[in-house]
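The values are calculated or read from the model by the stated rules, or taken from the named source; none is laboratory data. This is a predicted model, so every value here is computed, not measured. Here the Cβ positions follow ideal geometry from the backbone for every residue, glycine too, while neighbour counts run over all protein chains shown.
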Amino acid sequence: MSNTRQTTNTSRALCVIMGGGQGKRLFPLTKDRAKPAVPLAGKYRLVDIPISNCINSGYRRIYILTQFNSTSLNGHISRSYKFDGFTPGFVEVLAAQQTLTNTSWYEGTADAVRKNLVHFLNNDFDQLIILSGDQLYRMNFQSVVSQHIVTGADITIATMPVGRNEAKALGIMQIDDTNRITRFVEKPKDDAALDSLKLPAAMQASLGIPGGESYLASMGIYVFNRRVICELLDNPLSDFGKHIIPHAIQSRRVFSYVYQGYWEDIGTIRSFFEANLDLVSELPRFNFFDMTAPIFHAPRNLPGSKINGAQIDHALVADGCIINRAAISRTIVGLRTIIGSGTELKRVIILGSDYYESIESVKHHEQKGWPRVGIGENCRIENAIIDKNARIGNNVTISPAGKPENHDDKLYYVRDGIVIIPKDAVIPHGTVI
């Protein structure tokens, strides 16, 4: 029997997940919660994706940096990620705070890491893995770190092949035949610049990238050596993509790790909506059913969902729901959702509820003329996101038809052509939106 020996030690990495700023592009879902805490796929949160990727990669020392509305994020992390006393590891939220030397908010991704470097350096690590908190993908970071070590890189950037139109909105890398990055251009719009950044056909073939012309786009996933991250942050530059990386390419060994799987940046309402709805497809591009690398979440003691004569077509139904004689298609039904009879839902994302109402609570709210938490009877809802704990009365119609792409109302918002009913909203019986 032959012995195999690991030639690179990929276990000495520390992970940092960037929680983002105010999350303006995801407003109003970020009105009362940090961006990483935005619900996903009926029962998860956005932050569960990068945390699960870290855990499945064997990395259990994880920091999450945030600065807005971090209460719900803290609660989710404390409920979801508890390692036993025999397993070294932690998942910890670091919110922006004032100190004797720093009194400002995070000014960018690099600035956020710089202001927390003192905490990171208290850990014994060789590589710092920096991740985004609003992307949907599955990746084994051991492979990235292994390549990083083998190539002798100072920095490794995960990249993915994209087409010409996508390239105009992303940071595009140019590499040599060793995968070393020689050039970086942020959001190239000029045709001449795009042509110069295109992957040569021979290189595209050697990387196994199929199809027509391709460009390598940064995924916002970085691996830094411990010494290098300290040196590169010894300045006031605020952002990795805009400042640190372009500067480092000229003086450091910066390499590309080419990833060829499903990846989606879900930082906008439209991308959030479409990424969620893709999950109800018969063969979704992201597979939550892959138990070789499961996506973890908070354990809940909820009953199985109850379906009382509903017609359901291409939907995802989370735990603890009660669905009466409704017609539901291409819809995600979040935790503890109650849906009344005669209601029709098409292309709707329901984020669910944090609690079940007691009989006394229902009576109390009925006396005020409020509907119960959930969706009432005989409603017609399409192309909408219903945030948590919303109360939608009977005979309510919700649709973006005839409305501007972006609009604010006292009862609802429209973003990217999608109606959003905010958290804890009350939509009276008979309302037409």
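Quick look at the values:
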{"quantity": "Single residue of segment 20-75 satisfying the filter (over 19 Å from residue 262 (Cα atoms) and hydroxyl-bearing (Ser, Thr, Tyr)) that is surrounded by the most Cβ atoms within 10 Å (Cβ to Cβ)", "calculated": "66"}
{"quantity": "Conditions (1) of a type in the set (A, V, I, L, M); (2) within 22 Å of residue 50 (Cα to Cα); (3) surrounded by 18 or more Cβ atoms within 10 Å (Cβ to Cβ): number failed by residue 233", "calculated": "(2)"}
{"quantity": "Residue that is surrounded by fewer than 21 Cβ atoms within 10 Å (Cβ to Cβ), modelled with pLDDT under 95 and among the β-branched types (Val, Ile, Thr), where the choices are 362, 426, 414", "calculated": "362"}
{"quantity": "Residues of segment 1-19 satisfying the condition of being at pLDDT below 90 and surrounded by 24 or more Cβ atoms within 10 Å (Cβ to Cβ)", "calculated": "19"}
{"quantity": "Condition check for residue 116: out of contact with any Cys (no Cβ under 6 Å at 6 or more places or on another chain) and assigned to a helix (DSSP H, G or I)", "calculated": "yes"}
{"quantity": "Test: residue in segment 390-407 that is modelled with pLDDT of 95 or more, more than 19 Å from residue 337 (Cβ to Cβ) and assigned to a strand (DSSP E or B)", "calculated": "yes"}
{"quantity": "Those residues of segment 11-64 which are without any contact (Cβ under 8 Å) to a residue 60 or more places away in the chain, closer than 23 Å to residue 141 by Cβ and of a type in the set (Lys, Arg), in sequence order", "calculated": "60"}
{"quantity": "Candidates 146, 238 - the one that is touching a residue at least 60 places away in the same chain (Cβ under 8 Å) and touching a Gly at 6+ places or on another chain (Cβ under 7 Å)", "calculated": "238"}
{"quantity": "Sole residue being in contact with a helix residue (DSSP H, G or I) (Cβ under 8 Å, 6 or more places away or on another chain), surrounded by 20 or more Cβ atoms within 10 Å (Cβ to Cβ) and closer than 20 Å to residue 353 by Cβ, chosen from 385, 421, 375", "calculated": "385"}
{"quantity": "Of the criteria (1) among the polar types (S, T, N, Q); (2) surrounded by 15 or more Cβ atoms within 10 Å (Cβ to Cβ); (3) at pLDDT 95 or above, which one residue 238 fails", "calculated": "(3)"}
{"quantity": "One residue from 259, 215 being among the hydroxyl-bearing types (Ser, Thr, Tyr) and either surrounded by fewer than 21 Cβ atoms within 10 Å (Cβ to Cβ) or free of Cβ contacts under 8 Å to residues at least 40 places away in the same chain (or both)", "calculated": "259"}
